Amino acid sequence: MSENGGSMGYEWIVDALDQTWSSIDRTLRSREPVAYDLRTPCPGWSVRDVLSHLVGFELMLQGNPVPPHEGPWPSHVKNPIGEFNESFVDAYRDLPGVEVLDLFRETTRVSLERLRALGDEEWEKVGWSPEGERPYHRFQETRVLDSWIHLQDIRDALLEPTDDHGPGEEIVVNRFEAALPYVLGKKAQAPEGTIVRINLSGRLARSVLLGVHDGRAKALETSADVPTLELTTPVALFWRRAAGRISADAFLNASATDVRGDEDLARSFVEALAIMI
């Protein structure tokens, strides 16, 4: 606990949110109005819509009601979370982009102040999250993941992709790595005895070894067996596919992606790799 209240143990999550949200503000602050209408990799969403989604989620966490929605949902809305998100997007769709950005700045400022005042007990309390019942620190890690991916969506819309190193990137890559056993075992339904090695190149390079034993996939320290599949790709392609921002074909056909071993397993694994809601 810090002298002014709050948790020192989870300050890194707040710092990651602060850095990511500040980057979004800086990226858009001097843009012409037309920039907010550019399409992003998120189906049906412009830059303004991405901002509106981020604003809406924080407003909800601050206790504000979800705006009413009239008429049918667009085709990209597929679940209750999508309906919630789209309600806020609709509410701000006719606002000038800079007004949405101002609302984003103020809303996230309030959120950061609230988070910095939380004690460890509040950070560790289990409650609702889009992933189900989770500790609050896990929920806020997911807020970093969502916000950081949307920062990259905005940069892609502006045709200014950037290597955005920092705590946000580390949280994103670590979270997607931790999901790999689920991808291999539950989603790809890899058979018993499967061994997969994932080699990621770049600043956050790592090699991940996975195996299916007793019907479950798990991370392995080592294995004497030749991998059924060895897949090598840059970190940036890995997180883009895990976030559903590029197709399985684009991932597999990229010149920087190398597949060795079972190509059918590679296809099923990469199809299953898109795991963001």
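Just so you know, all these numbers are worked out from the coordinates, no wet-lab data involved. Computed from a predicted structure; not experimentally measured. Note: ideal-geometry Cβ built from the backbone for every residue, glycine included; neighbour counts use all protein chains shown.
Annotations
- Flag if E160 is outside any helix (DSSP H, G or I), among the charged types (D, E, K, R) and closer than 20 Å to W45 by Cα: yes
- Residue match in the stretch 151-169 (condition: over 22 Å from T27 (Cα atoms) and charged (D, E, K, R)): no
- Matching residues, the stretch 13-37, being buried (at least 17 other Cβ atoms within 10 Å of the Cβ) and touching a strand residue (DSSP E or B) at 6+ places or on another chain (Cβ under 7 Å): Y36
- Selection within the stretch 202-250 - among the polar types (S, T, N, Q), crowded, with 17+ Cβ neighbours inside 10 Å and under 26 Å from C42 (Cα atoms): T233
- For the stretch 251-261, the set of residues classified as of a type in the set (G, A, S) and surrounded by fewer than 14 Cβ atoms within 10 Å (Cβ to Cβ) consists of S255, A256, listed by residue number.
- Flag if D225 is in a loop (DSSP other than H, G, I, E, B), in contact (Cβ under 8 Å) with a residue 60 or more places away in the chain, out of contact with any Lys or Arg (no Cβ under 6 Å at 6 or more places or on another chain) and not aliphatic (A, V, I, L, M): no
- Qualifying residues in the stretch 228-269 (those that are over 20 Å from the mean Cα position of the chain (by Cα) and assigned to a strand (DSSP E or B)) - the one farthest from I171 (Cα to Cα): G261
- When residues of the stretch 38-57 are limited to those that are charged (D, E, K, R) and part of a helix (DSSP H, G or I), the one surrounded by the most Cβ atoms within 10 Å (Cβ to Cβ): R48
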